[in-house]
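Take a look at the structure set out below.
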Amino acid sequence: MVILGGGPAGAALALALRRAGVARVALLHRRAGGAFCIGESVAPGIAPLLRRLGLPDDLERCGHSPYHGNRSLWGGVTAVDDFLHRGLGHGWHLDRAKFDAWLRDAAAASGARLITPARLEAITRGRNGWHLSIRQNGRTIDHSATIMVDASGRRAALGAFLGVTRRRCDTLVAIATVVPGAAPGLGTLSLIEAVPDGWWYAAALPSGAALVSLMTDHDLARSGGGLRCPEAFSAAWAATHELARRVPPTKMAGNISIFPAHTQFVEHAAGPGWLSIGDALLALDPLTSSGITGAMEDACAAAETICSWLGSTRPGDRSVAAAAHARRATHTLRRYMAERHRLYAAECRWADRPFWQRRSAGWSGVRAR
C-alpha cells in the first residue's frame, strides 16, 4: 500500500500499519529536509498516541520543550488556561521539522519504505489496484498498490485525482515570522490575542526563538498595502496589548511567511481501495489547537480500517469498514464545527468587522461520506 504525504498523519499511519504486521507500506514525502512550517504546539492528548505507536512520550529528550497551557486576551478578558489545573499533564512546543522527521524515521525503522523527495507524476487505477509513477532524484519509479491513502494535506492530491469535492469554509491564512531570542517573554504558555481583523498567536520554540503569527482572512491580509509587508506587519503587531508587551515587535519583522490555515473538508472520506486522513480529510482552524493530535488519531483509526480491508475477502466487509471510517469523519467534523463556532462566538467586540461577521453563523448539515 502507498501513503501520499509524510507529515504526522502519513508517518503515524505507516508506523501503525507496520506495528500491525502489514508487510508492504510505502510512504511518499515530497520534500527532503525541514522547511519552516506552522504548527509548532501539540496538546497533552499526544502522549497516549505516541505510546500506542511504540514511541516515547517524553519529547524533551528529543529536543522539544514543555507546553503548559494558553494565555489569551479574548472577548476583552485576559485568562490563563493551565493544562495541569485540568489534570491533563502538559503538551509540547515542538521543533516541528525535527518532530516530523522523527516520525518518518520511526516509520522507516519499522520497515516502511520511505521515498523522499518524491513527486507523484501520474496515477492510474486498474482491476488489481493502483499504478503510480513517482519522480525521485531525476528518475521515474513505477510503483503499484492495492490501497492508497491520501495524507497529502490541504491539497488532497489523491482526492483531487478522484474528483472528490473539497469544501472550504473560510479563507484563513497565517502570516508568520520567527523572532530570535524572544521565548522568555512567553514562558511555557502559548499566547492568543483577538484583534479587529483576526487574532494573533505566539509560542516559544525549543530553540529559544518565538513564533509570532497573525491569523486573518486572505482578502484582509492583502488590503491596506498588504500585511505581508514587514512595516505593516510590525505596525499591526505594535497595536496589540498582551503580545506587544511580552514579545515587543521588531522594527522590521524579518522574514515573513504566509500559510493556508482555512477550514476544509472532503465530501467523501473513503472509497474502494482508498481513504483520506489528516488535513486531506479535514483541515482544522488553528484556534482549536487539535491539528497534529487529530491527524495522528486519524492515522490510528485508519490503520484499523485498512487492516480489516486486508484481512477480508468479502467486498461487503470492506464497504462496512469504509462506511465506519466515513461516520467517524462526519462525527469529528460536526464536533469540530460546533467547537469552532463556540470559540469565535465568545469574541463579540468587533461583531461589525468582516472577519468576525464571517464566523458568526454556525455550520449545519456537514457530512463526509
> Among the listed residues THR288, THR305, which satisfies the condition of being at pLDDT 90 or above, touching a helix residue (DSSP H, G or I) at 6+ places or on another chain (Cβ under 8 Å) and of a type in the set (S, T, N, Q)?
Replying inline: THR305
> Which numbered condition trips up ALA118, out of (1) surrounded by fewer than 17 Cβ atoms within 10 Å (Cβ to Cβ); (2) farther than 30 Å from TYR201 by Cα; (3) not acidic (Asp, Glu)?
Replying inline: (1)
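Inside region 191-271, counting only strands (runs of 3 or more DSSP E) that do not spill past its ends, which hold 2 or more residues that are surrounded by fewer than 19 Cβ atoms within 10 Å (Cβ to Cβ) and not aliphatic (A, V, I, L, M)? Spell out the reasoning first.
On the way: elements: 198-204, 210-217, 257-260, 264-266.
In region 191-271, the matching strands (runs of 3 or more DSSP E) lie at 257-260.
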>> I need the full set of residues from region 72-115 which are farther than 29 Å from TRP200 by Cα and among the polar types (S, T, N, Q), in order please.
In response: SER110
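Look at THR171 and say whether it is in contact (Cβ under 8 Å) with a residue 60 or more places away in the chain, of a type outside the set (D, E, K, R) and touching a Gly at 6+ places or on another chain (Cβ under 9 Å). Give the derivation first.
Values: in contact (Cβ under 8 Å) with a residue 60 or more places away in the chain: yes; of a type outside the set (D, E, K, R): yes; touching a Gly at 6+ places or on another chain (Cβ under 9 Å): no.
For THR171, the condition - in contact (Cβ under 8 Å) with a residue 60 or more places away in the chain, of a type outside the set (D, E, K, R) and touching a Gly at 6+ places or on another chain (Cβ under 9 Å) - is not met.
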>> When you check ASP279 against the structure, is it touching a His at 6+ places or on another chain (Cβ under 9 Å) and surrounded by 21 or more Cβ atoms within 10 Å (Cβ to Cβ), yes or no?
In response: no
> SER152 passes all but one of (1) on the phi > 0 side of the Ramachandran plot; (2) in contact with a helix residue (DSSP H, G or I) (Cβ under 7 Å, 6 or more places away or on another chain); (3) not assigned by TED's automatic domain parsing to the domain that holds ASN255; which number fails?
Replying inline: (1)
>> I need the full set of residues from region 158-179 which are surrounded by 20 or more Cβ atoms within 10 Å (Cβ to Cβ) and not in a strand (DSSP E or B), in order please.
In response: LEU158, GLY159, VAL164
> Taking region 104-135, which residues are under 29 Å from ALA261 (Cα atoms) and touching a Lys or Arg at 6+ places or on another chain (Cβ under 9 Å)?
Replying inline: ALA107, LEU114, THR116, PRO117, ALA118, ARG119, LEU120, GLU121, ILE134, ARG135
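Take the conditions out of contact with any Lys or Arg (no Cβ under 9 Å at 6 or more places or on another chain) and either part of a loop (DSSP other than H, G, I, E, B) or surrounded by fewer than 16 Cβ atoms within 10 Å (Cβ to Cβ) (or both) and apply them to GLY187. Does it pass? Walk me through how you get there before you give the answer.
Details: out of contact with any Lys or Arg (no Cβ under 9 Å at 6 or more places or on another chain): no; either part of a loop (DSSP other than H, G, I, E, B) or surrounded by fewer than 16 Cβ atoms within 10 Å (Cβ to Cβ) (or both): yes.
Here the answer is no, as GLY187 does not meet what is asked.
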>> List pairs: first residue in region 16-40 and at pLDDT below 85, second residue hydroxyl-bearing (Ser, Thr, Tyr) and surrounded by 22 or more Cβ atoms within 10 Å (Cβ to Cβ) anywhere in the structure, Cβ distance under 8 angstrom, at least six positions apart or on different chains.
In response: ILE38/SER213
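The values are calculated or read from the model by the stated rules, or taken from the named source; none is laboratory data. It should be emphasised that the depicted structure is a prediction, and the values quoted were computed from it without experimental measurement. Heads up, the Cβs are rebuilt from the backbone with ideal geometry, glycines too, and the neighbour counts pull from every protein chain shown.
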